Amino acid sequence: MIDIRKLTKTYTRSQQQVHALYDVSIKIEAGSFAAVTGPSGSGKTTLLLSLGGLIQPSKGAVNFNGQNLYSLSPSQLASFRNRTIGFVLQTFNLVPYLTAVENVMLPMLPLGGNGADLKKQAVNLLDRLGLSDRKDFFPRELSIGQQQRVAIARALANEPDVILADEPTGNLDPALAEEILDVLEDLNKNRSKTVILVTHSPQASARAGIVLKLREGMLVS
Amino acid sequence: MVFSFRTIILREIVQRKGRMISGLMAITLGIAVIVAIQSVTSVSRQVVAKKLDLLGANIMVLPQGATIDDYYTADVDAPTFPEEYVERIVTSMIPGVDNMSPKLSRRIKIDGSSVILTGILPMKELASKPIWQASGLIGAELELACAPSENKESSLTEADLKAVRKIVDSLRNDEIWVGSSIAERFNVKTGSIFPIEGQTFEVTHMLPETGTIDDNRIFAHLHVVQKLLGIEGQVSNIEIMGCCSEISDGLLGKLRNILPDTRITTIGHIVNTQLETNRLMAKVALVLLVIIILVGSFSIGNYMWANVEERRKEIGTLITIGWGRRHIYWMFFAKAVMLGLAGGILGYLVGTSAAVILGPYLAGLNIDPVLNYLWWSILVAVMIALAGSWYPIYRAARIDPAIIMQEI
Ligand SMILES: Nc1ncnc2c1ncn2[C@@H]1O[C@H](COP(=O)(O)OP(=O)(O)OP(=O)(O)O)[C@@H](O)[C@H]1O
Ligand SMILES: [Mg+2]
């Protein structure tokens with residue numbers, strides 16, 4: 001369970017304070033599918049990064065199964081991200097000089113382990129996403145949709161409980177977007193992953209069990 | 001290869017080869033120059049010590065304009081002067097001249113490889129000249145007052161070589177003495193027939209290895225060499241065995257008076273010049289080292305800085321997917337060490353090759369690779385790489401992962 005309490009993130013720019021998030025409190029049960037919507041600049045990405053332990057909030061707390069993220073040391077936080085969270089980003093952020101399967105293996109490296117076993121796991125993940133014949137391709141040799149599926153496979157590398165996706169379909173055409181949403185929905189339904197999806201698209205939020213609307217850093221519903 | 005942190009580092013380096021190579025250039029060239037200088041000066045130092053021991057002669061008569069930076073090559077390809085000067089010295093009856101050896105040396109090609117052909121006048125012929133006889137020296141044992149005494153043993157030792165440098169008793173027109181590297185290169189033995197410029201010679205002596213350019217010499221009769229080269233009646237130097245006390249009494253000055261257009265120096269002076277050159281080279285190497293450390297670390301630092309800058313988003317992504325800062329730190333640290341390693345090894349190879357290949361031509365020295373310099377090269381290069389990289393690495397490990405939000 002994710003428990004966000006009175007979360008505030010304030011940026012100060014040229015002596016002016018911008019509340020990217022203001023006094024946001026939400027509880028998200030494990031296994032839910034939540035969509036975060038709102039206009040541009042409303043704080044969606046800030047919220048997602050705060051959940052992933054990537055942004056130090058100005059006030060408030062993020063509790064994961066009772067553990068306050070921001071009381072963890074930097075290396076504990078890295079390890080938490082590594083095991084518990086899978087990030088899927090709008091721009092995929094694949095490492096260009098590594099192949100698909102190597103990109104998927106990236107999150108596994110800090111955990112160590114037998115290289116051959118890790119590779120087998122990574123190949124299995126690509127299999128699940130229908131990319132078994134593309135595992136040795138470099139990102140530039142893949143279509144946009146395939147790249148995003150590799151990014152999802154990478155997010156799943158360490159079997160995380162939570163998938164945090166920031167507009168994963170923003171760069172895709174409607175058909176591909178549907179395909180990616182199917183994958184996320186499947187992960188939620190059949191693999192009982194908690195999925196938190198930032199999106200502008202009504203079709204996407206229609207699939208979610210909870211829809212969180214943000215405006216100027218505040219939760220409106 | 002199993003995928004690992006190392007794969008990532010190597011793949012990234014190889015992927016952007018061009019920039020990496022220019023970043024490494026300064027270190028590699030710097031290390032190469034120092035290794036080359038060190039290789040040459042250390043051999044040169046040994047050779048100076050050895051040559052003092054080998055030399056029978058202590059005065060050199062060279063043509064005006066010959067360089068005396070290196071005694072062992074001073075005669076090679078130098079301009080010439082008339083052989084008749086030998087007689088002038090004999091007839092002048094200047095006291096203190098115990099013996100002498102006129103020579104003519106030229107670089108020639110045999111089967112495409114470069115050797116030094118040196119013509120020497122055997123002692124017997126010097127002594128049989130009528131004027132020499134008239135001087136009343138004939139019959140008297142030519143005991144050398146200052147140089148080591150002649151060696152009469154038949155086995156070939158360094159003393160034989162001394163004898164060559166000093167004076168050869170007799171030499172047939174169809175006979176040659178060969179240096180050790182010549183013997184090896186052309187695979188000849190005593191008794192072998194050896195053609196030079198269309199004329200055949202018999203190898204009668206093989207000279208022991210000295211580590212000097214002498215190993216690359218073929219000794220033949222002066223007059224035969226003069227004919228072969230088409231410079232009859234000319235010599236490129238005369239080595240004189242003078243008596244020490246007479247040298248300090250102005251022997252050089254007296255010789256200068258009767259031998260115009262020549263340069264007359266003592267071996268001591270020449271050797272000193274060379275030791276001086278060595279000392280200067282050591283200083284140059286030190287100054288270069290400082291420059292290389294500065295330039296090398298700046299250029300590596302520059303490359304690493306650019307590398308970190310263009311990989312900000314990649315680093316942010318890695319932190320997002322759960323890499324700790326220590327993994328980032330380690331990745332760039334290992335990269336810097338690898339670059340240093342590559343620069344050190346490459347620099348050592350380039351510098352050593354340059355010294356080994358060019359040494360015989362530029363310094364008249366046969367240079368062997370020194371493995372010890374490899375460890376020093378690596379050590380210095382890795383230190384330079386780390387010195388240049390620490391700040392970019394420090395920056396890399398502090399990149400804010402929120403950077404992944406930014407488009408492209
Ligand atoms: N590093 C920063 N420094 C200053 N202000 C920031 C910073 N990051 C975000 N902000 C501000 O915080 C607010 C929320 O930004 P955020 O990126 O969370 O919006 P968003 O809802 O994700 O927008 P979009 O839909 O365009 O991605 C914006 O007003 C933005 O300008
Ligand atoms: Mg955003």
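Computed from the coordinates by the stated procedures, all read-outs in this text should not be read as laboratory data. Model, not experiment: these values are computed from the prediction. Glycine gets a Cβ as well: all are built from the backbone with ideal geometry, and neighbour counts include every protein chain shown.
A:HIS200 satisfies every condition listed in (1) within 16 Å of ligand 2 (Cβ to nearest atom); (2) within 18 Å of A:ALA100 (Cα to Cα); (3) surrounded by fewer than 16 Cβ atoms within 10 Å (Cβ to Cβ) except (2). Restricted to the range B:245-325, the set of helices (runs of 4 or more DSSP H) holding at least 3 residues that are within 30 Å of A:LEU109 (Cα to Cα) comprises B:267-310, B:312-320. If you check A:THR12 against the conditions, is it over 12 Å from A:LEU164 (Cβ atoms), more than 12 Å from every other protein chain (Cβ to nearest Cβ) and within 12 Å of ligand 1 (Cβ to nearest atom)? Considered against the rule, which asks whether it is over 12 Å from A:LEU164 (Cβ atoms), more than 12 Å from every other protein chain (Cβ to nearest Cβ) and within 12 Å of ligand 1 (Cβ to nearest atom), A:THR12 comes out as yes. Whenever a residue of the range B:331-342 is assigned to a helix (DSSP H, G or I), its partners that are acidic (Asp, Glu), lying with C-beta atoms within less than 8 angstrom and at least six residues away or across chains, give the pairs B:LYS335/B:GLU12. If I filter the range A:153-178 down to residues being among the aliphatic types (A, V, I, L, M) and facing chain B (nearest Cβ under 10 Å), which single residue comes out as nearest to ligand 2 (Cβ to nearest atom)? Ranking the qualifying residues of the range A:153-178, first place goes to A:LEU164.
Comparison of A:SER71, A:SER40, A:SER50 shows that the only residue that is closer than 25 Å to A:LEU111 by Cβ, within 12 Å of ligand 1 (Cβ to nearest atom) and polar (S, T, N, Q) is A:SER50.
Suppose we keep only residues that are within 12 Å of chain B (Cβ to nearest Cβ) and either among the charged types (D, E, K, R) or within 16 Å of ligand 2 (Cβ to nearest atom) (or both) within the range A:136-150. Which one would you say is farthest from A:GLN90 (Cα to Cα)? Let's see the steps before the verdict.
Start the filter on the range A:136-150 by keeping residues that are within 12 Å of chain B (Cβ to nearest Cβ), which leaves A:136, A:138-140.
Retained after the next criterion (residues that are either among the charged types (D, E, K, R) or within 16 Å of ligand 2 (Cβ to nearest atom) (or both)): A:136, A:140.
Numbers: A:ASP136: 23, A:ARG140: 16 Å.
Among those residues, the one meeting the criterion is A:ASP136.
The requirement of being surrounded by fewer than 16 Cβ atoms within 10 Å (Cβ to Cβ), within 14 Å of chain B (Cβ to nearest Cβ) and more than 14 Å from ligand 2 (Cβ to nearest atom) is satisfied by A:SER75.
In the range B:369-402, which residues are of a type in the set (A, V, I, L, M, F, W, C) and outside any helix (DSSP H, G or I)? Give the derivation first.
To start, the set of residues in the range B:369-402 that are of a type in the set (A, V, I, L, M, F, W, C) comprises B:370-371, B:374-376, B:378-387, B:390, B:393, B:396-397, B:399, B:402.
Residues satisfying the conditions are B:VAL370, B:ALA397, B:ILE399.
Scan the range A:134-152 residue by residue and report those that are farther than 19 Å from A:GLU167 by Cβ and either under 22 Å from the mean Cα position of the chain (by Cα) or assigned to a loop (DSSP other than H, G, I, E, B) (or both). Lay out the reasoning, then the answer.
We begin by selecting, within the range A:134-152, every residue farther than 19 Å from A:GLU167 by Cβ; these are A:134-138, A:140-142.
Across the range A:134-152, the qualifying residues are A:LYS135, A:ASP136, A:PHE137, A:PHE138, A:LEU142.
The residues listed here are A:ASN114, A:ASN190, A:ASN124; of these, the one that is more than 13 Å from every other protein chain (Cβ to nearest Cβ), surrounded by fewer than 21 Cβ atoms within 10 Å (Cβ to Cβ) and more than 30 Å from A:ILE4 (Cα to Cα) is A:ASN124.
Scanning the range A:15-37 for residues that are near ligand 1 (Cβ under 8 Å from one of its atoms) and surrounded by 21 or more Cβ atoms within 10 Å (Cβ to Cβ), we see that the one that is farthest from A:ILE196 (Cα to Cα) is A:ALA20.
With respect to (1) in a strand (DSSP E or B); (2) within 28 Å of the chain's Cα centre (by Cα); (3) of a type in the set (Val, Ile, Thr), the lone exception for B:VAL225 is condition (1).
Evaluated against (1) away from ligand 2 (no atom under 13 Å from the Cβ); (2) surrounded by 14 or more Cβ atoms within 10 Å (Cβ to Cβ); (3) within 17 Å of the chain's Cα centre (by Cα); (4) away from chain B (no Cβ under 14 Å), A:ALA61 falls short on exactly one condition, (3).
The set of residues from the range A:22-49 being more than 16 Å from ligand 2 (Cβ to nearest atom) and among the basic types (Lys, Arg) comprises just one member, A:LYS27.
The residue of the range B:1-27 that is farthest from the other protein chains (Cβ to nearest Cβ), among those that are small (Gly, Ala, Ser), surrounded by 13 or more Cβ atoms within 10 Å (Cβ to Cβ) and under 36 Å from the mean Cα position of the chain (by Cα), is B:ALA26.
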